[in-house]
1. Just the residues that are under 10 Å from the mean Cα position of the chain (by Cα) and acidic (D, E), please, taken from segment 184-229.
2. For residues in segment 78-101 being touching a Gly at 6+ places or on another chain (Cβ under 7 Å) and of a type in the set (S, T, Y), which is surrounded by the fewest Cβ atoms within 10 Å (Cβ to Cβ)?
3. Kindly indicate the residue of segment 1-47 that is hydroxyl-bearing (S, T, Y), part of a helix (DSSP H, G or I) and at pLDDT 95 or above and also farthest from the chain's Cα centre (by Cα) among those meeting that condition.
4. Of the residues in segment 299-326, how many are under 30 Å from P169 (Cβ atoms) and open to solvent by 50 Å² or more (accessible area, probe 1.4 Å)?
5. Identify, by number, the condition in (1) at pLDDT below 95; (2) closer than 30 Å to G236 by Cα that L89 doesn't meet.
6. Could you list, in sequence order, the residues of segment 300-334 that are more than 12 Å from A354 (Cα to Cα), of a type outside the set (A, V, I, L, M, F, W, C), in a loop (DSSP other than H, G, I, E, B) and over 18 Å from the mean Cα position of the chain (by Cα)?
7. For segment 118-141: of the residues being out of contact with any strand residue (DSSP E or B) (no Cβ under 7 Å at 6 or more places or on another chain) and touching a residue at least 24 places away in the same chain (Cβ under 8 Å), which is nearest to G186 (Cα to Cα)?
8. Please give the number of the condition L321 fails out of (1) under 26 Å from R19 (Cα atoms); (2) touching a Leu at 6+ places or on another chain (Cβ under 8 Å); (3) touching a residue at least 60 places away in the same chain (Cβ under 8 Å).
Amino acid sequence: MAETLDVDRIRRDFPHLDRCVYLNTAATGLAAPGTGEAAARMYAEMLAQGYDAQPLWMAERQRVAGQLARLLNVAPDWLDFASSSTDALTRAMQALPLTAGHRVVVPEDDFPSVKAALDGLAARGARVIRVPVPDEAARTEALIAALPGADLLAVSHVHWETGTRVDLPRLAAACRAEGTILAVDGVHAVGAVPVDASLADLYVTSFFKWTLAGFGLGLSTVSPGLRARLEPRQRGYANPAPSRHLAHSHANYPGIFALGAALDYLDALGHGRIEARVAQLQAELTARLSEARFSVATPRDAAAGIVALRLPDPEATALALDRQGIRTSPRGAMLRLSPHFYNSSDDLAACCAALVALAGQDS
């Protein structure tokens, strides 16, 4: 499936690739062709028509919601737009009726925003338990072992440092068996791997990484069962009581127009082909690095688009690579490499050769 993508043609859509080896999509993806023009079209309609253009905004919002619902395998009425995944997660955590006596589980090393979103629950008396994950290959097992008695599990679908993808179907089944709410941050998964958000009670994401749509827009999907339990703390004209929707005001309509253009571009390529290409590049990069005797933290059978290397000084290595035109990100004890469908095998080879040379200089 992956070989059906014409990568040479695709690369012409992203001129930045002529200037550098871009292996940093997990930080920010290159904007898809047409996204800027789509946002400008929304502003042009406002200039030409003002509020008379509202039917156009609403129609595009409905169209994009349908695209997202299909991509994430949920019904459109599960969706609430927000400004980011952090915003979406925080709104949802504020709305959960969890107080003293309730038990909340989160990986000890999860993304700071995921852990911070639980602070409000802790302030209301909930007990937040941070679960150590000493073995990346056993990340899912460590979380399942911590579930008995838990009212909520909050977790990233793909870990921000190590690139480990949790086994979402297994976590969902274990949470259902325990009566535990499952809240998932999917910002490093959506657009890189297949996502079935219906497995989670709450699934949040943004669109500036693998979906190539830029900043300022996020999303939550909320199952009907969880929706019935929510008590939104942020209210406005869009969700007056007794509404249980989390979106309380205008959506970012220019962002929705940009997202629509990005999804149109990705739809035309085929999400299945894109995901297969990402998997192929991730596996190839892992193999190259392992052959060169680098320590790859990302488990081969629990990966998404990220390859994480354990290095003595990730920041210094990232700076050295940057000077050679190779874009990566240091994350904690890891150097994070994140190829997307627009990358080539030559990109991977160049990065590996540079890393080998740098390692030789340090030895």
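The values are calculated or read from the model by the stated rules, or taken from the named source; none is laboratory data. Please read these numbers as outputs of a predicted model, since none were measured by experiment. Positions of Cβ are generated from backbone atoms using ideal geometry, with glycine treated the same way; all protein chains shown enter the neighbour counts. Each accessible area value is taken on the protein alone, full model and side chains, heavy atoms only, with ligands, DNA and RNA left out. Shrake-Rupley method; radii C 1.70, N 1.55, O 1.52, S 1.80 Å.
1. Selection gives D185 alone.
2. Once the filter is applied, the top-ranked residue is T99.
3. For segment 1-47, the residue satisfying everything is Y43.
4. 3
5. L89 satisfies all of (1) at pLDDT below 95; (2) closer than 30 Å to G236 by Cα except (1).
6. Of everything in segment 300-334, those that are more than 12 Å from A354 (Cα to Cα), of a type outside the set (A, V, I, L, M, F, W, C), in a loop (DSSP other than H, G, I, E, B) and over 18 Å from the mean Cα position of the chain (by Cα) turn out to be P312, D313, G332.
7. In this case the residue turns out to be T140.
8. Unmet for L321, out of (1) under 26 Å from R19 (Cα atoms); (2) touching a Leu at 6+ places or on another chain (Cβ under 8 Å); (3) touching a residue at least 60 places away in the same chain (Cβ under 8 Å): (3).
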